[in-house]
Structure formats: structure tokens, C-alpha cells
Amino acid sequence: MTAAVATAFGPGQSVGQDRHPEPILGPPRGAGCCEGSLDVVSLGNGGMVTVEFAGNGIVDGPGPDFVVFENAFFVGGDEALPFAELATVEVSEDGVDWHAFPCVASSPPYGTCAGWRPVFSHPDNGIDPLDPSVSGGDPFDLADIGVESARYVRITDRADQQGQGGVFDLDAVAIISPACP
Ligand SMILES: [Ca+2]
Ligand SMILES: [Ca+2]
């Protein structure tokens, strides 16, 4: 992604907010299975950010079309215990009409929520952030919600989950299926 076009932080956590949006631009800086990256911007409880990809967009191609990278990790390396901090993801073509990926689960697996899969890709390890089979992060498929294309992604922290383990930290957003390859 290239810009944060709207931001409204919530209370409770403020990691990276003083550097916003620099930590969320460019590729993810994942810390692997068992710890969370600190190169993130916490949205605060109920906070939101809208990102865009200047001159580009997302189109529905085969499989996942974009990936949202938080800093989730497996507690003690146990894949049954994701340290998840959930957010609802929405997409829009015009910034007015939004389409949401449902995010209602309160225990894993968290389905089409963002913020529950560890991030493995980092510029230093060569793991491709655009290959969701190895990158980690939370993949999204526009076809799941019947959308053909989007220019904006809006990420909103789940306000019903608060405190430790309840505030979404954004690392990056990447397009897998770009309108302009
Ligand atoms: Ca797709
Ligand atoms: Ca987190």
C-alpha cells in the first residue's frame, strides 16, 4: 500500500502511532511464528485506517487477492493458540460504498477477520510477501463477498475485544491480484 487516506485511532494502545503511516507502508516486517513485529501501528480500541494504492487497485483473480499483515503469533508456538487481535476488513472502489468481510468469531479460527495469522515474510528473509502460501498474514478473496475490484481497504479494530490481546496492530497490506501488474 502507498498511503493512509483516513485514520481514526482509538484508546488503549498507541504503538507506532507517532510514526504513522511509515510503519505500515511497504512490505511486512514479520517476526515469524512465535513473536510479533514491532514495526506496526496500533489502531487503538475501535480505531480504523483506510489505505489506498495510488494508481493501482485490487481485482478479483484466482484465490486470495490481498493480504493484511498484523503481528499475531502462536503463543508458545502452539498453532491452536494464536495471539489474535482482530479487525474487520472492508473494501471499496470509490471510498463511499463499502463491502465488509464478516468478522464475528470470538474464538479461533477467526475466518475472514484480520489479525490472527503470524507473519513470516520480512525484507531480510526473502520470503515473498505476495505469496500467501508462505508469507503468513491474513489473505482475503474479493470473490468471497462478491466484489470484482477495490481501490481502498478499510481496517477497523474489533471494539468488542479490548485490552491485552484486543487491539489490532497493522504491519502492512499487500495486493496479490493488482489491477496494474
Ligand atoms: Ca480472488
Ligand atoms: Ca497484535
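The values are calculated or read from the model by the stated rules, or taken from the named source; none is laboratory data. The structure displayed is predicted, hence computed values, not measured ones. Glycine gets a Cβ as well: all are built from the backbone with ideal geometry, and neighbour counts include every protein chain shown. Surface accessibility is based on the protein's heavy atoms, side chains included, excluding ligands, DNA and RNA. Shrake-Rupley method; radii C 1.70, N 1.55, O 1.52, S 1.80 Å.
Annotations
- Summarising the label geometry, the points placed 7 Å from Cα in the beta-carbon direction at ASN56 and CYS180 lie 1.0 nm from one another.
- Cα shape, the chain, gyration tensor, a/c 1.5 rule: rounded
- Computed magnitude of the charge dipole of the chain (debye, nearest 20; Cβ of K, R +1, Cβ of D, E -1): 260 debye
- Amide hydrogen neighbours beyond the local backbone of GLN13, cut-off 5 Å, H modeled: GLY44, ASN45
- Helical runs (DSSP H, four residues minimum) scored at -39500 (n - 2.57) apiece and divided by the length of the chain put the mean residue ellipticity at 222 nm at -500 deg cm²/dmol.
- Residue-level accessible surface for ASP18, protein heavy atoms, 1.4 Å, Å²: 140 Å²
- Cα gyration tensor shape of the range 126-181, rounded if a/c is under 1.5, else prolate or oblate by comparing a/b with b/c: oblate
- Global geometry of the range 1-78, whether rounded, prolate or oblate, following the gyration tensor of its Cα atoms and the 1.5 cut on a/c: oblate
- Accessible-area value, HIS20, 1.4 Å probe, nucleic acids and ligands omitted, Å²: 50 Å²
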